Amino acid sequence: MSDLAPGEATPPSGATPVPSDSAAAPATPRSEAEERRALIVLLTVIFLMIAGFGLVIPLLPFFAQAFDAPAWQVTLLFSAFSLGQFIGEPFWGKLSDRIGRRPVLIVTISMVGLSYAALAFAPNILWAFGLRFLTGVFAGNISTLQGALADITPPEKRAQRMGIMGAAFSAGFMTGPAIGGLLAQPSRGTLGFQLPLLVAAGFALASALAVVLLVRESRPEGPPALRGPKPARVRDAFAHPVISRVVMISFIVVVGFAGIEATYGLWTEARFGWGPRQIGLAFMVIGSLGAVCQGWLSGRLARAYGEAWTLSAGLVLMGLGLVVQWVSPTWHVAMAGFALVCVGQSICFPNVAALISQSSPPHRQGEMLGLNMSGMALARIGGPVLAGQLFSAVSPGSPFAFSALMVLPALWFALQVRGKVQRLA
């Protein structure tokens, strides 16, 4: 049985930890083979879970249209999920610091699977909103997964491992949308989406089973997460010169990108006449590119130039890609822009997680990563609503222009992070 063994997780000299009342217990030594087995198990769990998630995302606009929902209600399906994530992320992240990663993952992934199954039989759009909210609450476990990966990874390898984790995410997004696009039958109304939603539920439940059978606890021994009023814990994070800026980068970028995600199906339908199958195939191709970039490119760039520089470069590529998509005359050019955004994301977000992990004490990694994911979830609540209004009131392409503009303040914060890391080194 593979073991997610506790890992050494002390911050490197280039990052100042969040204030804590005591340090975690020393890590249990582990061989390279044990570390590799633990990583493979965790990546398998991530792949199965994200394959189910990726299967659903491209179908949601068409699923909502089967209920005769207008564009603003389509985007609210995304916001309902994100509202649930906003509530779930800090709760599950902190709980995993206290009771362990394994029980949190078993409960949350299992409930996500059951929520997908229930969504397949939603009788109306109001039920769909409620189920998407519930799914978001339990899907707010990304920080727990990141914490589990950080537990088994030495600090100097974290940027690379976060990139590999991102590759597993991309592989799931590559597989899921392709399957969803092939299985969906929009001509049958809501019934045409039951099979792909049930398959998504199966992926999630298979992921939960893998945790039950193969994953053992990874949380380092030591004191539980810091007790005290939540505002004080949030102030700890925002008083830190690196964590505060990285969290702001995540929030700003995701406000724009969540709007693109929510309106992409509507935009390609209006611009190119695409349906679920074409969108699923597009996500499969881009997911393949993302898997390669996150698994191979991100870690190499971080080792060569540092996490902060790689983060900045990723933001620049994302901005360029969004502009290309906005002005694209054909779907071929739009896909080139999509590819640029994908490469930028692939080298950007693994380094966001790595910088936060490196700057946090071991027994508060789940909490700090959870705060970041909660901020991203908050951005995903407002982003789709704003994009839906821009799509309807301005033009189908206006969400791309807005998202590109949001990259500029994020890049300003990233340049500040580079300076802070250099001074702390």
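Quick one: count up the residues across the range 248-298 that are within 25 Å of ILE356 (Cβ to Cβ) and of a type in the set (Phe, Trp, Tyr).
Here the count works out to 3.
Given the structure, is VAL323 assigned to a helix (DSSP H, G or I), within 19 Å of CYS293 (Cβ to Cβ) and β-branched (Val, Ile, Thr)? Can you show your working first?
Numbers: assigned to a helix (DSSP H, G or I): yes; within 19 Å of CYS293 (Cβ to Cβ): no; β-branched (Val, Ile, Thr): yes.
In short, no.
Among the residues of the range 383-401 satisfying the criterion of being over 19 Å from PHE81 (Cβ atoms) and of a type in the set (S, T, N, Q), which is most open to solvent (accessible area, probe 1.4 Å)? First the steps, then the outcome.
Taking the range 383-401 as the starting set, the residues that turn out to be over 19 Å from PHE81 (Cβ atoms) are 390, 392-398, 400-401.
Remaining after also requiring of a type in the set (S, T, N, Q): 392, 395, 398.
Numbers: SER392: 82, SER395: 43, SER398: 14 Å².
Only one residue tops the list, namely SER392.
Residues of the range 268-304 being open to solvent by 20 Å² or more (accessible area, probe 1.4 Å) and among the small types (Gly, Ala, Ser), which ones? Quick ask: steps written out before the conclusion?
From the range 268-304, those open to solvent by 20 Å² or more (accessible area, probe 1.4 Å) are 269-274, 277-278, 281, 283-285, 288-289, 291-292, 294-297, 300-301, 303-304; that's our starting set.
Scanning the range 268-304 gives ALA270, GLY273, SER288, ALA291, GLY295, ALA304.
List every residue pair whose Cβ atoms lie under 9 Å apart, where the two residues are 6 or more positions apart in sequence or sit on different chains, the first residue falls within the range 266-291 and is in a helix (DSSP H, G or I), and the second residue, located anywhere, is among the charged types (D, E, K, R).
Listed by first residue and then by second, the contacts come to ILE279/GLU269.
Any chance you could count how many residues in the range 256-285 are of a type in the set (Lys, Arg) and at pLDDT below 85? Spell out how you get there, then give the answer.
Taking the range 256-285 and keeping what is of a type in the set (Lys, Arg), we get 271, 277.
Now restrict to residues that are at pLDDT below 85: 277.
The qualifying residues number 1.
Quick check on PRO90: is it open to solvent by 10 Å² or more (accessible area, probe 1.4 Å) and outside any helix (DSSP H, G or I)? I'd like the intermediate steps shown before the answer.
Working: open to solvent by 10 Å² or more (accessible area, probe 1.4 Å): yes; outside any helix (DSSP H, G or I): no.
Here the answer is no, as PRO90 does not meet what is asked.
Okay, residues lined up against (1) under 30 Å from ARG98 (Cα atoms); (2) free of Cβ contacts under 8 Å to residues at least 40 places away in the same chain; (3) open to solvent by less than 10 Å² (accessible area, probe 1.4 Å); (4) among the acidic types (Asp, Glu):
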site: GLY321; (1), (2), (3), (4): no, yes, yes, no
site: ALA336; (1), (2), (3), (4): no, yes, no, no
site: PHE349; (1), (2), (3), (4): yes, no, no, no
site: ILE381; (1), (2), (3), (4): yes, no, no, no
site: SER403; (1), (2), (3), (4): no, no, yes, no
site: LEU411; (1), (2), (3), (4): no, no, no, no
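Can you find even one residue in the range 51-67 that is open to solvent by 10 Å² or more (accessible area, probe 1.4 Å), part of a loop (DSSP other than H, G, I, E, B), of a type in the set (A, V, I, L, M) and at pLDDT 85 or above?
Yes, some residue in the range 51-67 is open to solvent by 10 Å² or more (accessible area, probe 1.4 Å), part of a loop (DSSP other than H, G, I, E, B), of a type in the set (A, V, I, L, M) and at pLDDT 85 or above.
Going by the structure shown, is LEU149 buried (at least 24 other Cβ atoms within 10 Å of the Cβ), closer than 13 Å to SER357 by Cα and among the aliphatic types (A, V, I, L, M)?
Details: buried (at least 24 other Cβ atoms within 10 Å of the Cβ): yes; closer than 13 Å to SER357 by Cα: yes; among the aliphatic types (A, V, I, L, M): yes.
Yes, satisfied.
Would you mind finding the one in ALA120, ALA139 that is in contact with a Leu (Cβ under 8 Å, 6 or more places away or on another chain), under 20 Å from PRO196 (Cβ atoms) and either of a type outside the set (Lys, Arg) or buried (at least 24 other Cβ atoms within 10 Å of the Cβ) (or both)?
On the way: ALA139 fails: in contact with a Leu (Cβ under 8 Å, 6 or more places away or on another chain).
Unique residue meeting the criteria: ALA120.
Need a quick list: helices (runs of 4 or more DSSP H) entirely within the range 156-255 having at least 2 residues that are in contact with a Cys (Cβ under 9 Å, 6 or more places away or on another chain) and at pLDDT below 85.
On the way: elements: 158-183, 194-214, 230-239.
In the range 156-255, the matching helices (runs of 4 or more DSSP H) lie at 158-183.
The values are calculated or read from the model by the stated rules, or taken from the named source; none is laboratory data. What you see is a predicted model; the values in this text were computed from it and never measured. Don't worry about glycine lacking a Cβ; one is built from the backbone with ideal geometry, like all the others, and counts go over all protein chains shown. Just the protein is used for accessible areas: all its heavy atoms, side chains included, with ligands, DNA and RNA removed. Shrake-Rupley method; radii C 1.70, N 1.55, O 1.52, S 1.80 Å.
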